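Colleague: The structure under discussion is supplied below as structure tokens; questions concerning it will follow.
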Amino acid sequence: MAIQIEHYAGREQAYVKHTFLDKYLPSLIGKVCSRYDEFVYIDGFAGPWKSNAGETFDDTSFGIALNHMTAIRLRYLAQGRDVRMRAILVEKDPGAFAQLTEAIKRFPKVDTFPICGEFESKVTGISALVPHNAFVFSLIDPKGFPDIEKLLPLFGFAHCELLINFMFDHANRFAETGLISRLERWLAVGGGPNWEARLKGLSGAEREAEIESLAVEGLRKIGRFTYSPVISIDKPSQDRTLYKLIYFSRHEKGLEVFRSSEAKALEVQAQVRTSLRDRKREERSGMADMFPGNADIDRSARALADGAVEGRRHLLQILDNCGTDGQNWGRLWPVILNEVSITKSRLGLIINEARKSTPLKRRIGPVSGIPSRVTHN
């Protein structure tokens, strides 16, 4: 299975999101199934919505997940090991639910539990379907703002990761207005009853960063998650954030997979947005563009470039402060990846380059545990 941009006309932002899932899920499942005998995928707003991929539903989150879960289970079965795959799929719209129940028949290697109803009201029943020793990945991808307080039990599984869609564009417009109570209850989880004071006088990038922080902080603490990085998904034709994918994990391996998948999603976002701009110019002029846009100058591409610069700055600052005592690579890279949009391999390339510089080598001190050769992804 491979997701295809042709299925996403008019919803290119979903293509970027699904690119992330298409890279993240097989990497995650492959890693956790080396240790766990059961993997559980929870999709609280399964749909399908606006699917153009026909009976395969390859352009839906649950379709991407079930395809990868099937392939990985078959791979383990060929090796003589039965790793169980379980999917709990919730959808409240009766019409979409009818399509969902038909679609999952294509995936007999996955134990599927379709549930019709409002996700928030089904959380207790969902928890009862999760085996005690399973690894759980929950995708919370609503069209608006869920009742976040009712979803908190999903943060309590012993072995779990979550990805939550936070509708930033709406949050930016309606925070502090009192018009969306679910949004304000969510932000209060992170900032307390006086959360509005943190936004007072802020605008632009500063306001965006503070709203993001409010959306993340309380949930990270409640779930006792160590890592909570965020991907910003842009409006396809504007340099504005549409929504943010908030990721929660307790393990550095999950963080590593997240950053690698994020890099791919941002590369695709830059390409898609640049292609859309080129197409609009052609439509206005009536002529093919002789000088198509360069995806490297899109703000998603700039974010990746800025991440490399910021990662290097963080790296040298930490190593400079540790002096002659040195630093262990296994403790170093998760700290930086949690704060900066950079892959582990890119950071490894940066530190290997730094070690070749005699002045830097003297200043930053030794680093133990880093491989002598790394590859970029």
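Colleague: Of all residues in the stretch 170-189, which are surrounded by 17 or more Cβ atoms within 10 Å (Cβ to Cβ) and either acidic (D, E) or under 16 Å from Y247 (Cβ atoms) (or both)?
Modeller: E184
Colleague: Go through the stretch 95-136 and give me each residue that's closer than 15 Å to G156 by Cβ, among the β-branched types (V, I, T) and in contact with a Phe, Trp or Tyr (Cβ under 9 Å, 6 or more places away or on another chain).
Modeller: Matches in the stretch 95-136: I126, V130, V136.
Colleague: Of all the residues that make up the stretch 233-246, how many are surrounded by fewer than 20 Cβ atoms within 10 Å (Cβ to Cβ) and out of contact with any helix residue (DSSP H, G or I) (no Cβ under 6 Å at 6 or more places or on another chain)?
Modeller: Final tally of qualifying residues: 3.
Colleague: Based on what the data block shows, is Q269 in the same structural domain as L25 (by TED's automatic domain parsing), of a type in the set (S, T, N, Q) and under 20 Å from S61 (Cβ atoms)?
Modeller: Numbers: in the same structural domain as L25 (by TED's automatic domain parsing): yes; of a type in the set (S, T, N, Q): yes; under 20 Å from S61 (Cβ atoms): yes.
Yes: the conditions hold for Q269.
Colleague: Yes or no: Y24 in a helix (DSSP H, G or I), in contact (Cβ under 8 Å) with a residue 60 or more places away in the chain and assigned by TED's automatic domain parsing to the domain that holds P131?
Modeller: Values: in a helix (DSSP H, G or I): yes; in contact (Cβ under 8 Å) with a residue 60 or more places away in the chain: yes; assigned by TED's automatic domain parsing to the domain that holds P131: yes.
It is true that Y24 is in a helix (DSSP H, G or I), in contact (Cβ under 8 Å) with a residue 60 or more places away in the chain and assigned by TED's automatic domain parsing to the domain that holds P131.
Colleague: Name the residue that is farthest from V83 (Cα to Cα), counting only residues in the stretch 1-36 that are at pLDDT 95 or above and among the charged types (D, E, K, R).
Modeller: For the stretch 1-36, the residue satisfying everything is K17.
Colleague: Which residue pairs have Cβ atoms closer than 8 Å, lie 6 or more positions apart in sequence or on different chains, and pair a first residue in the stretch 90-104 that is hydroxyl-bearing (S, T, Y) with a second residue that is modelled with pLDDT of 95 or more and surrounded by fewer than 20 Cβ atoms within 10 Å (Cβ to Cβ)?
Modeller: Every condition considered, the pairs that remain are T101/P114.
Colleague: Right, something else. Looking at the stretch 351-377, which of the residues that are at pLDDT 60 or above and either under 24 Å from the mean Cα position of the chain (by Cα) or among the charged types (D, E, K, R) (or both) is surrounded by the most Cβ atoms within 10 Å (Cβ to Cβ)?
Modeller: Here the residue is R355.
Colleague: Separate question: Being at pLDDT 95 or above and either buried (at least 16 other Cβ atoms within 10 Å of the Cβ) or in contact with a Phe, Trp or Tyr (Cβ under 8 Å, 6 or more places away or on another chain) (or both) is the filter here, so list the residues in the stretch 190-206 that pass it.
Modeller: Correct list: W195, R198, L199.
Colleague: Would you check which residues across the stretch 109-150 are within 24 Å of the chain's Cα centre (by Cα), in a helix (DSSP H, G or I) and closer than 23 Å to A215 by Cα and list them?
Modeller: F119, E120, K122, V123, I148, E149, K150
Colleague: Let me confirm something: among F57, F39, F62, which residue is among the hydrophobic types (A, V, I, L, M, F, W, C), surrounded by 22 or more Cβ atoms within 10 Å (Cβ to Cβ) and at pLDDT below 95?
Modeller: Details: F39 fails: at pLDDT below 95; F62 fails: at pLDDT below 95.
Residue meeting the stated conditions: F57.
Colleague: Could you please find all residues in the stretch 27-54 being touching a helix residue (DSSP H, G or I) at 6+ places or on another chain (Cβ under 7 Å), charged (D, E, K, R) and outside any strand (DSSP E or B)? Give the derivation first.
Modeller: First, pick out the residues of the stretch 27-54 that are touching a helix residue (DSSP H, G or I) at 6+ places or on another chain (Cβ under 7 Å): 27-31, 33, 39, 41-49, 52-53.
In the following step, the residues that additionally are charged (D, E, K, R) were identified as 31, 43.
K31 - this is the single residue of the stretch 27-54 that is touching a helix residue (DSSP H, G or I) at 6+ places or on another chain (Cβ under 7 Å), charged (D, E, K, R) and outside any strand (DSSP E or B).
The values are calculated or read from the model by the stated rules, or taken from the named source; none is laboratory data. Note that the coordinates shown come from a computational prediction; the quantities given were computed from them, not determined experimentally. Using ideal geometry, Cβ is built from the backbone for each residue, glycine included, and neighbour counts are taken over all protein chains shown.
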